[in-house]
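The next block holds one structure in the form of structure tokens; read it before the comments.
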Amino acid sequence: MSCNFGLSSCENRGRGCHGFPSKCHCGLDAAIYTSCTKQNPGRPYFQCPTRGDEHLFKWVEEGVYEEVVEALPKISIINNEISNARSEVAVEIDGLKTRIEELKEDAMWSKRELKKWKLMILCLVCLCVTIIVIVIVILMCKTSKGTFVLDY
Ligand SMILES: [Zn+2]
């Protein structure tokens, strides 16, 4: 940054350029300087490096003000978009919570069914073992009767 001692009434030259100027109409990049005049001590401004009378000049605070004014509607739009996105996410979360509850109920039902089937299989195995034991006992009784008969 450098100091300019001669600036006083050339503020209109920045008009037409909204917000922060990046280039002067001559094609040179705008630079930031600090005013050292009695009227504007320490006040920063954009100016064309040529410092010509017909070249860019704009106070930085004017650029900041224009940028803020320009940004406010965008911020409002962004806030609305965020609000909409929050609503959509909330709906999606509710849907996922419902799905989780359904899956939990399905898992509980499956567990109960599995227990039921295990019990049924156990009963069937017990029944089969009982039948086999009864058949073996009957066969043994018949065999021992036959032996008994043969002995006498
Ligand atoms: Zn210029």
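Could you list, in sequence order, the residues of region 20-30 that are without any contact (Cβ under 8 Å) to a residue 24 or more places away in the chain and more than 10 Å from the ligand (Cβ to nearest atom)?
22
Yes or no: residue 107 in contact with a Ser or Thr (Cβ under 9 Å, 6 or more places away or on another chain) and of a type in the set (A, V, I, L, M)?
Values: in contact with a Ser or Thr (Cβ under 9 Å, 6 or more places away or on another chain): no; of a type in the set (A, V, I, L, M): yes.
Here the answer is no, as residue 107 does not meet what is asked.
When residues of region 20-31 are filtered for being in a strand (DSSP E or B) and either in contact with a Ser or Thr (Cβ under 9 Å, 6 or more places away or on another chain) or surrounded by 15 or more Cβ atoms within 10 Å (Cβ to Cβ) (or both), how many remain?
Kept after step one, since they are in a strand (DSSP E or B), are these residues of region 20-31: 23, 29, 31.
The next check asks that each one be either in contact with a Ser or Thr (Cβ under 9 Å, 6 or more places away or on another chain) or surrounded by 15 or more Cβ atoms within 10 Å (Cβ to Cβ) (or both); those that pass are 29, 31.
Going through region 20-31 one residue at a time, the tally reaches 2.
Kindly indicate whether residue 83 is over 30 Å from residue 28 (Cα atoms) and at pLDDT 95 or above. Walk me through it before giving the result.
Numbers: over 30 Å from residue 28 (Cα atoms): yes; at pLDDT 95 or above: yes.
Yes.
Out of all the residues in region 18-44, which are touching a strand residue (DSSP E or B) at 6+ places or on another chain (Cβ under 7 Å) and of a type in the set (S, T, N, Q)?
22, 34, 35
Using the structure shown, decide if residue 32 is at pLDDT below 95 and among the β-branched types (Val, Ile, Thr). Walk me through it before giving the result.
Working: at pLDDT below 95: no; among the β-branched types (Val, Ile, Thr): yes.
Taking the combined requirement at face value, the residue does not satisfy it.
Going through region 32-59 one residue at a time, which ones are part of a strand (DSSP E or B) and within 16 Å of the ligand (Cβ to nearest atom)? Spell out how you get there, then give the answer.
First, the residues of region 32-59 that are part of a strand (DSSP E or B): 32-36, 41-47, 57-59.
Result: 32, 33, 45, 46, 47, 57, 58.
For region 33-48, name all the residues that are surrounded by 15 or more Cβ atoms within 10 Å (Cβ to Cβ) and in contact (Cβ under 8 Å) with a residue 24 or more places away in the chain.
Here is the first cut: in region 33-48, the residues surrounded by 15 or more Cβ atoms within 10 Å (Cβ to Cβ) are 33-36, 40, 43-48.
Of everything in region 33-48, those that are surrounded by 15 or more Cβ atoms within 10 Å (Cβ to Cβ) and in contact (Cβ under 8 Å) with a residue 24 or more places away in the chain turn out to be 33, 34, 35, 36, 40, 44, 45, 46, 47, 48.
Does region 127-135 contain any residue that is free of Cβ contacts under 8 Å to residues at least 40 places away in the same chain, in contact with a strand residue (DSSP E or B) (Cβ under 8 Å, 6 or more places away or on another chain) and away from the ligand (no atom under 16 Å from the Cβ)?
So in region 127-135, the residues free of Cβ contacts under 8 Å to residues at least 40 places away in the same chain come out as 127-135.
Still in the list and also in contact with a strand residue (DSSP E or B) (Cβ under 8 Å, 6 or more places away or on another chain): none.
No, region 127-135 contains no residue that is free of Cβ contacts under 8 Å to residues at least 40 places away in the same chain, in contact with a strand residue (DSSP E or B) (Cβ under 8 Å, 6 or more places away or on another chain) and away from the ligand (no atom under 16 Å from the Cβ).
Limited to region 133-150, what total is found for residues that are loosely packed, with under 10 Cβ neighbours inside 10 Å and modelled with pLDDT of 90 or more?
Counting residues in region 133-150 that are loosely packed, with under 10 Cβ neighbours inside 10 Å and modelled with pLDDT of 90 or more gives 0.
Would you check if residue 105 is among the acidic types (Asp, Glu) and surrounded by 12 or more Cβ atoms within 10 Å (Cβ to Cβ)? Talk me through it step by step, then tell me what you get.
Values: among the acidic types (Asp, Glu): yes; surrounded by 12 or more Cβ atoms within 10 Å (Cβ to Cβ): no.
In short, no.
If you take the residues of region 60-78 that are surrounded by 11 or more Cβ atoms within 10 Å (Cβ to Cβ) and farther than 23 Å from residue 27 by Cβ, which of them is farthest from the ligand (Cβ to nearest atom)?
Initially, region 60-78 is screened for residues surrounded by 11 or more Cβ atoms within 10 Å (Cβ to Cβ), giving 60-71, 78.
Still in the list and also farther than 23 Å from residue 27 by Cβ: 61, 64-65, 68-71, 78.
On the way: 61: 21, 64: 21, 65: 23, 68: 26, 69: 25, 70: 24, 71: 27, 78: 35 Å.
It comes out as 78.
The values are calculated or read from the model by the stated rules, or taken from the named source; none is laboratory data. Note that the structure is predicted; figures quoted are calculated from it, not measured. Methodologically, a virtual Cβ is constructed for each residue, glycine included, from the backbone with ideal geometry; neighbour enumeration extends over all protein chains shown.
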